[in-house]
Amino acid sequence: MNLVIFGAPGCGKGTQSERLIDRYGFYHISTGELLRDQIARKTPLGITADKYISQGHLIPDELMLSIIDDLLDSPEVKGKNIIFDGFPRTVKQAEELEHLLQKRGHAVDAVIGLEVPDEELIERLINRGKESGRADDNLETIKERLEVYHNQTQPLRKFYEERGSYKPINGSNAIDAIADDIAAHIEHLL
Ligand code: ADP
């Protein structure tokens, strides 16, 4: 099963991905974590990515897609059930993900949309910034990321609704309650 966990910055994608990994043993592809790791190691990809991420912008689709294409062929990912966390983030990425999976005989089986109001997201991200040390968790960049989310990423909701794979989940609930709601949906798909 290939699952996309979808929603705005700070909606709880990472937290719920961890729960799903504990419960079902998915392989976790978090594009944000992957890029931050490259930045920390000062690789050429990291140096390029940092310019976009520190401004709250998305890295270019072609770059993101070539990373995913390579990753899907890597021995640690092949044959596993995957959670995509933070990807796709644009309609172009979603269309290309369909192709990338299709040519390997797979598909996106479900899209879990964690829905949280903007005011709550801003509060969560500011609080996270106090501990995470993430360069993009400051008020100015948070506002930019939310704008990017509404303009470029939110249209994916409709994209997946049209394909019948979008499942909205109330992301304002308690962490355990959200995890149970997601699990109920996954089990209904099995
Ligand atoms: P959050 O959802 O909390 O903002 P992520 O860790 O998912 O954080 O992503 C952090 C940053 O990494 C994004 O703001 C963006 O700059 C970059 N990034 C992550 N995933 C993608 C993607 N699929 N396409 C383009 N840029 C991405």
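The values are calculated or read from the model by the stated rules, or taken from the named source; none is laboratory data. The structure presented is a predicted model; accordingly, all values stated were derived computationally and were not measured. FYI the Cβ positions are ideal-geometry reconstructions off the backbone, even for glycines, and counts take in every protein chain you see. Note: accessible area is taken over every heavy atom of the protein model, side chains too, but ligands, DNA and RNA are not part of it. Shrake-Rupley method; radii C 1.70, N 1.55, O 1.52, S 1.80 Å.
Some notes on this structure:
- Only one of the numbered conditions (1) under 17 Å from the mean Cα position of the chain (by Cα); (2) modelled with pLDDT under 95; (3) polar (S, T, N, Q) is not met by Thr90, and that is (2).
- Selected residue (only one of Lys78, Lys51 is under 21 Å from Asp137 (Cα atoms), without any contact (Cβ under 8 Å) to a residue 24 or more places away in the chain, open to solvent by 50 Å² or more (accessible area, probe 1.4 Å) and among the charged types (D, E, K, R)): Lys51
- The set of residues from the range 156-174 being of a type outside the set (Asp, Glu), in a helix (DSSP H, G or I) and surrounded by fewer than 13 Cβ atoms within 10 Å (Cβ to Cβ) comprises just one member, Lys158.
- Identity of the residue in the range 24-48, open to solvent by less than 30 Å² (accessible area, probe 1.4 Å) and in contact with a strand residue (DSSP E or B) (Cβ under 8 Å, 6 or more places away or on another chain), that ends up nearest to Asp136 (Cα to Cα): Gly32
- The helices (runs of 4 or more DSSP H) found entirely in the range 49-146 that carry 1 or more residues being hydroxyl-bearing (Ser, Thr, Tyr) are 61-72, 118-132.
- Residue within the range 7-23 that is within 8 Å of the ligand (Cβ to nearest atom), basic (Lys, Arg), closer than 26 Å to Glu115 by Cβ and out of contact with any strand residue (DSSP E or B) (no Cβ under 7 Å at 6 or more places or on another chain) present: no
- Residue within the range 92-99 that is surrounded by fewer than 20 Cβ atoms within 10 Å (Cβ to Cβ) and aliphatic (A, V, I, L, M) present: no
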